[in-house]
Amino acid sequence: MGKRNRYAYLSATQPGWSGQHLIIYDLSNPYQPRFVSNWGLPQQRPGYAQGRGVSLHHPVISGNRAYLSYLFGGDMVILDITNKTTPKMVSHLQFSPPSPGIHTTVPFTDLPAPAKGSAGVQTVLVLSEEAFSSDCRETRRQLYIVDATDETNPTP
């Protein structure tokens, strides 16, 4: 198995944790997956009593970053996963309210800077909400565009 495909990034639950959170497994031996680490928002971690309702929908991985979308809670997190045993939060952006939950965060990196004469490149995130009712029986769900060029301070 190549190094690129070595890790699995899962949205799952474990005893003691509140809601779905990020769990990383090493699949270098697919017949014996090895647990690497858990990561969740502070209110999801064991011993925190206020975590109800916050749940990771799924991570999108790009390089050494994980883009986490919280379906219940309306949060988006950029996570540094360079060291898989101790992921570190780079930034956290809350969309609740108005959003009841972010379904997916997709990064578009190394885009040309939009302003003429600007130096460097830009990173843009596209965030989508999830519809919960069938037949469009709810408020129309939104897309958000976030400038994450400075990933420590993403700006809608």
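The values are calculated or read from the model by the stated rules, or taken from the named source; none is laboratory data. If you're wondering where the values come from, they're calculated on a predicted model, not measured in any experiment. Cβ sites come from the backbone with ideal geometry, for glycine too, and all protein chains shown count toward neighbours. Please note that ligands, DNA and RNA were not included when accessible areas were found on the heavy atoms of the full protein model with its side chains. Shrake-Rupley method; radii C 1.70, N 1.55, O 1.52, S 1.80 Å.
Miscellaneous remarks
- Once the Cβ-Cβ distance of Gln43 and Thr152 is raised to the sixth power relative to R0 = 22 Å, the FRET efficiency obtained is 0.55.
- Normalised per residue, the accessible area of region 8-80 is 46 Å², obtained with a 1.4 Å probe and no contribution from ligands, DNA or RNA.
- Förster radius 30 Å - calculated FRET efficiency between Phe35 and Ile145, Cβ distance, rounded to 0.05: 0.25
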